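The values are calculated or read from the model by the stated rules, or taken from the named source; none is laboratory data. Everything numeric here is computed off the predicted structure, so don't read it as measured data. A quick note on method: Cβ atoms are made from the backbone with ideal geometry, for glycine too, and the neighbour counts reach across all protein chains shown.
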Amino acid sequence: MKLEKIFKEAKDFLPLLGTDYVEFYVGNAKQAAHFYKSAFGFQSYAYKGLETNSTDCVSYVLVQDKIKIVLTSPLSSSSSINDHIVKHGDGIKIIALWVEDAEKSWKETTSRGAKSYMQPTLEKDEHGEVVRSGIYTYGETVHIFVERKNYKGVFLPGFQKWSSSYETEPTGLKYIDHMVGNVGWNEMNKWVKFYEDVMGFVNFLSFDDKQINTEYSALMSKVMSNGNGRIKFPINEPAEGKKKSQIEEYLDFYEGPGVQHIAVATDDIISTVTKLRSRGIEFLSTPPDEYYKAVPFRLEEHNHELKEDIETLKGLGILIDADEEGYLLQIFTKPLQDRPTLFFEIIQRVGARGFGAGNFKALFESIEREQAKRGTL
Ligand code: FE2
């Protein structure tokens, strides 16, 4: 079935304009902000902290093209943010979604069974007003609905513009393509149903453990999308294998379900990955020669011509997958904090709208090599 037709089946009781921001709870937001600036090329954007009368927590907002990330740390032991960090380590707490009407979004979702995180709340300053509301999703992760049509200030009320004498060259990251959640054993369908019933999403792609497996481990995945296709949330659950899967490792170290990776889109993955590597970002190991030898056949099968030089892609460890609509190039970082939990994917789509299913095996074998080094396979 054509994707457009599938997307039309999504319910429109929760129209989403896009991803608004992604908020991380981290142990040391000041240092994390420096890392995301220097390594990923994010720019300073907004700030709140003691200087702006925020006594509970400090937040740095970073921007690159359409992507906004917020890095938040508590300022005292009494902040509830500590509990999240103690349990999960650094990780993503909030996936904020941009809406026309935050109160209606909250009513539509809570009346369908969502657990409330934040009742509709009006925040204002001299630049206007913002309404936010929120609901829980898997684990302790939440969705916040942001209505900002009456706001002209930088980011949100309570924040001030953050100017820094240190800025880096962007690396070409443009927008969030998809964000993946890892959930517990036998919980994938529960969360698929949550996104269908509570948020009006549709399931437009599914992968079972027969498709996603290696000699040692397996997982299952279903991709959920909202009606305009702008928001895509694949949901993974572990499956039985001979050894421990990467999803189980994540669940052990995050101590529960949470966001596994953010996939960010670029128009020029060769330039982006070259810059990221030169700034110290580590990626999963390059697949063996046989992988790259098979690529031309996989493209030919679908009548696509690779515009990029395959040796360059191989040199950078970039993976290639093709489907009937086109091809895609992708690569995965190693975990971005000490616990083997959250990582980034860099993706360039040349027509293809899939998720790199043809790369799953190569990718997982690469992750298993890392797990073996950590003693968690
Ligand atoms: Fe992905």
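Quick notes on this one:
- Among the residues of the range 100-138, those that are in a strand (DSSP E or B) and of a type in the set (A, V, I, L, M) comprise Met118, Leu122, Val130, Val131, Ile135.
- Of all residues in the range 304-319, exactly one satisfies the criterion of being surrounded by fewer than 21 Cβ atoms within 10 Å (Cβ to Cβ), aliphatic (A, V, I, L, M) and either within 16 Å of the ligand (Cβ to nearest atom) or under 15 Å from Arg349 (Cα atoms) (or both), namely Leu306.
- Subset of the range 131-156 [hydrophobic (A, V, I, L, M, F, W, C) and closer than 17 Å to Lys68 by Cα]: Val142, Ile144, Phe145, Val146, Val154, Phe155, Leu156
- Looking across the range 228-263 at every residue that is within 16 Å of the ligand (Cβ to nearest atom) and out of contact with any Ser or Thr (no Cβ under 9 Å at 6 or more places or on another chain), the one that is modelled with the lowest pLDDT is identified as Gly229.
- Selection of the range 185-198 for residues being away from the ligand (no atom under 16 Å from the Cβ) and within 18 Å of the chain's Cα centre (by Cα) yields Trp191, Val192, Tyr195.
- Count of the range 37-60 residues which are in contact (Cβ under 8 Å) with a residue 60 or more places away in the chain and among the β-branched types (Val, Ile, Thr): 1
- Selection of the range 204-218 for residues being touching a residue at least 40 places away in the same chain (Cβ under 8 Å), under 18 Å from Ser366 (Cα atoms) and not in a loop (DSSP other than H, G, I, E, B) yields only Asn213.
- Scanning the range 153-184 for residues that are more than 16 Å from the ligand (Cβ to nearest atom) and either part of a helix (DSSP H, G or I) or surrounded by 21 or more Cβ atoms within 10 Å (Cβ to Cβ) (or both) gives Phe155, Leu156, Phe159, Thr171, Gly172.
To keep it simple, each residue is scored yes or no on (1) in the same structural domain as Val26 (by TED's automatic domain parsing); (2) closer than 18 Å to Leu173 by Cα; (3) within 15 Å of the ligand (Cβ to nearest atom).
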position: Asp321; (1), (2), (3): no, no, yes
position: Gln337; (1), (2), (3): no, no, no
position: Val350; (1), (2), (3): no, yes, no
position: Asn359; (1), (2), (3): no, no, yes
position: Leu363; (1), (2), (3): no, no, yes
position: Glu370; (1), (2), (3): no, no, no
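- With respect to the conditions (1) of a type outside the set (Ser, Thr, Tyr); (2) within 15 Å of the ligand (Cβ to nearest atom); (3) more than 25 Å from the chain's Cα centre (by Cα), Gly375 falls short on a single one, namely (2).
- One residue stands out among those in the range 328-352 that are in contact with a helix residue (DSSP H, G or I) (Cβ under 6 Å, 6 or more places away or on another chain) and not aliphatic (A, V, I, L, M): the one that is surrounded by the most Cβ atoms within 10 Å (Cβ to Cβ), which is Thr341.
- For the residues Thr121, Thr141, Thr110, the requirement of being touching a residue at least 12 places away in the same chain (Cβ under 8 Å) and under 18 Å from Ile176 (Cβ atoms) singles out Thr141.
- Flag for Tyr250 being within 17 Å of Asn359 (Cα to Cα), touching a residue at least 60 places away in the same chain (Cβ under 8 Å) and aromatic (Phe, Trp, Tyr): no
- Matching entry among Thr19, Thr55 (being of a type in the set (Val, Ile, Thr) and within 16 Å of the chain's Cα centre (by Cα)): Thr19
- In this structure, Gln337 does not qualify as in a strand (DSSP E or B) and polar (S, T, N, Q).
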